[in-house]
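A short write-up of the structure that comes next.
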Amino acid sequence: MTSPIPHVAAVVVTYNSEAHIADLLRSIPDAMGSIPYSVVVVDNGSQDGTAGLLAERSDCTLIRSRNDGYAAGINRAVAASPPSQAILILNPDATLDPDSVPRMLSVLRAPGVGIVAPRVREEDGSLSPTLRRRPTLARVGGLSFTRLPVFAERIEDPREYEREHEVDWAVGAILLVDGECFGALGGMDESYFLYSEETDFSLRAKDAGWATVYTPRAGAMHIGGGSGESPTTHTMKMVNRVRLYRRRAGTGRAWMYFVMMVLIELRRVVTGRPEARTSMRALLRPAERPPALGASDTLLPR
């Protein structure tokens, strides 16, 4: 962050995002304040009117793309943006508060900070718990309701959202990333296709000496599920959680994580979660995993 007034590259990936993308784009000018910026939107083959809507707008550059996944779309958008000191990664169903970007930039300027996450609220105005701890065997069960850090990956305590502090990672709906950090990591890992890419990115950044910092001084709203959710996307989420853990913890511990994940999905099936039936079957039968993941060759996803 060498420039006193850095250029910010806002990047968005859309997929059937017609209902939300205009609201996001309208929020960007006030969010940027006086900071120079660009906006590049990569549309990953939307089947609705998203691409047509974007093509008619003058406040962004549209890149039409095949659907190679979210991470690939972000990398493509960054490559098409002007050289920038900071990259603002945005989900199409988010909106930014006025002056939120200068406030995040002030945090990003601190030595060693590579990623900044703002305070996010739900559509109804309630706090969105976007902060996370790194995945561990003890946290695989999703026991966030315990509020015990040893068991909870998701940070639920509202007090943790009142202060600025370093976190392991944050949900990737709105993230400001140092341009040097993004380049040093080679962008996002495209092998995940969808889900876990922001977890992987923040953890790799930490490995390389770049911190992820949450700040309540900048605000945004995120609707969530703006591109739709399905048994297939739930399956991607579960398979990718195992892949991420294996890549970081090794094969031996990953087998334990995998078995626990299967048991968790079985519990979800019993409690009436139909999407878990699809994911449990895909975990146990690699051939039934989404081909886009490239994870159908071994029982333990890699």
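The values are calculated or read from the model by the stated rules, or taken from the named source; none is laboratory data. Here the structure is a predicted model, which is why all the values come from computation and not from measurement. Cβ: placed from backbone, ideal geometry, glycine included. Neighbour counts: every protein chain shown.
Tabulated data for the structure shown
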quantity: Matching residues, region 169-215, being touching a helix residue (DSSP H, G or I) at 6+ places or on another chain (Cβ under 7 Å) and among the aromatic types (Phe, Trp, Tyr); calculated: 169, 182, 192, 193, 195, 210
quantity: Matching option when the condition is over 28 Å from residue 83 (Cβ atoms) and assigned by TED's automatic domain parsing to the domain that holds residue 89, among 168, 189; calculated: 168
quantity: Selection within region 58-102 - basic (Lys, Arg) and surrounded by 15 or more Cβ atoms within 10 Å (Cβ to Cβ); calculated: 76
quantity: Top-ranked residue of region 250-263 - restricted to ones that are in contact (Cβ under 8 Å) with a residue 24 or more places away in the chain and surrounded by 14 or more Cβ atoms within 10 Å (Cβ to Cβ), ranked as nearest to residue 276 (Cα to Cα); calculated: 261
quantity: Region 74-104, residues that are hydroxyl-bearing (Ser, Thr, Tyr), touching a Ser or Thr at 6+ places or on another chain (Cβ under 8 Å) and more than 23 Å from residue 184 (Cα to Cα); calculated: 95
quantity: Strands (runs of 3 or more DSSP E) wholly inside region 1-76 that include at least 2 residues being in the same structural domain as residue 197 (by TED's automatic domain parsing), within 30 Å of residue 110 (Cβ to Cβ) and touching a residue at least 60 places away in the same chain (Cβ under 8 Å); calculated: 8-14
quantity: Looking only at region 155-174, and only at residues there that are in contact (Cβ under 8 Å) with a residue 60 or more places away in the chain and part of a loop (DSSP other than H, G, I, E, B), the one that is farthest from residue 210 (Cα to Cα); calculated: 173
quantity: One residue from 150, 107 being surrounded by fewer than 21 Cβ atoms within 10 Å (Cβ to Cβ), assigned by TED's automatic domain parsing to the domain that holds residue 80 and under 16 Å from residue 88 (Cβ atoms); calculated: 107
quantity: Conditions (1) at pLDDT 95 or above; (2) buried (at least 21 other Cβ atoms within 10 Å of the Cβ); number of the one not met by residue 121; calculated: (2)
quantity: Complete set of residues in region 82-124 that are part of a helix (DSSP H, G or I) and either among the charged types (D, E, K, R) or touching a helix residue (DSSP H, G or I) at 6+ places or on another chain (Cβ under 7 Å) (or both); calculated: 100, 101, 103
